[in-house]
Structures are given as structure tokens and as C-alpha cells.
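J.: First the structure, then my questions, so here it is.
The values are calculated or read from the model by the stated rules, or taken from the named source; none is laboratory data. Because the structure is a prediction, the values reported are computed rather than measured. When we count neighbours, we look across all protein chains shown, and the Cβ atoms used for this are built from the backbone with ideal geometry, even at glycine. For accessibility, only protein heavy atoms count, side chains too; no ligands or nucleic acids. Shrake-Rupley method; radii C 1.70, N 1.55, O 1.52, S 1.80 Å.
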Amino acid sequence: MNITISLETPQDIPQVQQVIADAFGSHEEAALVNQLRQDPGWLPALSLVAKDRHGAVIGHVVCTRASVGAHPAVTLAPLSVHPAHQGSGVGSALMLACIEAARAAGEKIITVLGHPLYYPRFGFIPAAGCGVTCRLNNGPDDAKMVMSLDGAPIPPGEMGFCRPMTEAIQAYQPAADNPSAAR
């Protein structure tokens, strides 16, 4: 795998939007990322792109401002890899870079609502085991995960998100018995 990971630049945005749309098979998540860019919860230092050896964007990940109870946190979503590069390690490289960037920025907690078989490999654990809840979405509890970035215990509380993410989570209601439906 010959990729570079860097901060998203304004010049990357059209390619990022296309990668997100291609990865998810719709423009819904790309529209969400555009809404997030306009929100005070947007964290430019945590919007990363993966580029191939020719400089084309082939993946993107972003964390935005969130909370767990009264404690500041970030939430990771969406993670997108162009279908031609899925399964090649691009997503893992983006995940590791984003987690490290959040840690370097002094963040202490990161949350994700996603596939319970994918995210634990990076250190995410079920939120319910820490007393963390997310009542915005009726998706399966094992898709609601958290990670401590500083080794401290995760405080209990309700997950909170910036407005565009809150609206997207409320709108997306996977079947409770289908954890693979969680993004």
C-alpha cells in the first residue's frame, strides 16, 4: 500500500465528496460532511485524507465535537474508502492516523456508532459497558462504542453530538437485530 495521509485541504473537498458518495453508494453521507464543515463542531485538524501515489484522494475520515455526559469528546464518522481500495488497509491507516491526531490534539474520549466487528480492532469498546448510552438511535448497543485516548476510565453519560450529526443519527434507524446495518 503506497498512500499518504494528510489533513484535508479545500482543494481536496470535491474528491472527498466523490469518495464518500462512492463508498456509501449515495450522496447522503457526503451531504452530511458538507453540513459538518459548516458547523461549530467541525475540527479541521481531525479531517484526514488518504491519497494514492498519484495524489488522488482514495479515503477520508473525520471526527467532530461530541460529548459523553458533561465531558468533551469527539465522534468519528464517517470513515470512507473508495470501493476500489476497500480491503487494502486504507481504512485502517486512516483510523490509526485519526485516533493519533485526536490524541495529539489533547482529546480524551472518542465515540463511534459503527460495525461492532470492525472498530474494536482499533481499541473501541462497547459503550454500554462503561455506562455510556446513545438514545438518539435504536440501533444495536454493540454498535455504540467508545475509546479512552488517555487511558483514563470512560465516564458514564449520554453521547452528545453536534447538530448535523445529531440529526443524521436520529434519521438513521437500523433494524435493532442487524448490527451490520450500523455504519
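J.: Looking at the range 30-49, can you tell me whether even one residue there is in contact with a Gly (Cβ under 9 Å, 6 or more places away or on another chain) and under 22 Å from residue 105 (Cβ atoms)? Break it down stepwise before answering.
T.: To start, the set of residues in the range 30-49 that are in contact with a Gly (Cβ under 9 Å, 6 or more places away or on another chain) comprises 48-49.
Remaining after also requiring under 22 Å from residue 105 (Cβ atoms): 48-49.
So far as the range 30-49 goes, yes, one or more of its residues are in contact with a Gly (Cβ under 9 Å, 6 or more places away or on another chain) and under 22 Å from residue 105 (Cβ atoms).
Yes/no per residue for (1) under 18 Å from residue 46 (Cα atoms); (2) not aromatic (Phe, Trp, Tyr):
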| site | (1), (2) |
| --- | --- |
| 82 | no, yes |
| 88 | no, yes |
| 106 | yes, yes |
| 116 | no, yes |
| 124 | yes, no |
| 140 | no, yes |
| 148 | yes, yes |
| 157 | no, yes |
| 162 | yes, yes |
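J.: All but one of (1) surrounded by fewer than 19 Cβ atoms within 10 Å (Cβ to Cβ); (2) part of a loop (DSSP other than H, G, I, E, B) hold for residue 142, so report the exception by its number.
T.: (2)
J.: Also, quick follow-up: So which residues in the range 110-139 are in a strand (DSSP E or B) and more than 12 Å from the chain's Cα centre (by Cα), if there are any at all? Quick ask: steps written out before the conclusion?
T.: The first filter runs over the range 110-139 and keeps only residues in a strand (DSSP E or B), leaving 110-113, 125-126, 132-133.
Once the filter is applied, which keeps residues that are in a strand (DSSP E or B) and more than 12 Å from the chain's Cα centre (by Cα), the range 110-139 yields 125, 126, 132, 133.
J.: Could you tell me whether the range 146-164 includes any residue that is under 20 Å from residue 16 (Cα atoms), buried (at least 20 other Cβ atoms within 10 Å of the Cβ) and either without any contact (Cβ under 8 Å) to a residue 60 or more places away in the chain or among the hydrophobic types (A, V, I, L, M, F, W, C) (or both)?
T.: No, there is no match, as no residue in the range 146-164 is under 20 Å from residue 16 (Cα atoms), buried (at least 20 other Cβ atoms within 10 Å of the Cβ) and either without any contact (Cβ under 8 Å) to a residue 60 or more places away in the chain or among the hydrophobic types (A, V, I, L, M, F, W, C) (or both).
J.: Give the residue that is surrounded by the most Cβ atoms within 10 Å (Cβ to Cβ), with candidates limited to residues of the range 1-30 that are assigned to a strand (DSSP E or B) and not small (Gly, Ala, Ser).
T.: Top of the filtered list is 5.
J.: Let me ask something else about it. Run down 70, 21, 31, 104 and say which single residue is within 17 Å of residue 147 (Cα to Cα) and free of Cβ contacts under 8 Å to residues at least 12 places away in the same chain.
T.: Exactly one of 70, 21, 31, 104 is within 17 Å of residue 147 (Cα to Cα) and free of Cβ contacts under 8 Å to residues at least 12 places away in the same chain, namely 104.
J.: Within the range 66-81, does at least one residue satisfy the condition of being out of contact with any Pro (no Cβ under 9 Å at 6 or more places or on another chain), open to solvent by 40 Å² or more (accessible area, probe 1.4 Å) and of a type outside the set (Lys, Arg)?
T.: yes
J.: Moving on. Restricting attention to the range 48-88, report how many residues are in a strand (DSSP E or B), touching a strand residue (DSSP E or B) at 6+ places or on another chain (Cβ under 7 Å) and more than 22 Å from residue 115 (Cβ to Cβ).
T.: The total comes to 5.
J.: Residues 101, 45: which one is part of a strand (DSSP E or B), under 26 Å from residue 167 (Cβ atoms), at pLDDT 95 or above and among the small types (Gly, Ala, Ser)?
T.: 45
J.: Which pairs turn up if I take residues in the range 120-139 that are closer than 22 Å to residue 152 by Cβ and open to solvent by less than 20 Å² (accessible area, probe 1.4 Å) and look for partners that are assigned to a strand (DSSP E or B) and not hydrophobic (A, V, I, L, M, F, W, C) with beta carbon separation below 6 Å, at least 6 apart in sequence or on another chain?
T.: These pairs meet every condition: 127/144; 134/144.
J.: While we're looking at this one, here's another question. Counting only residues that are under 13 Å from the mean Cα position of the chain (by Cα) and either of a type in the set (Val, Ile, Thr) or assigned to a helix (DSSP H, G or I) (or both), which one in the range 31-42 is surrounded by the most Cβ atoms within 10 Å (Cβ to Cβ)?
T.: 36
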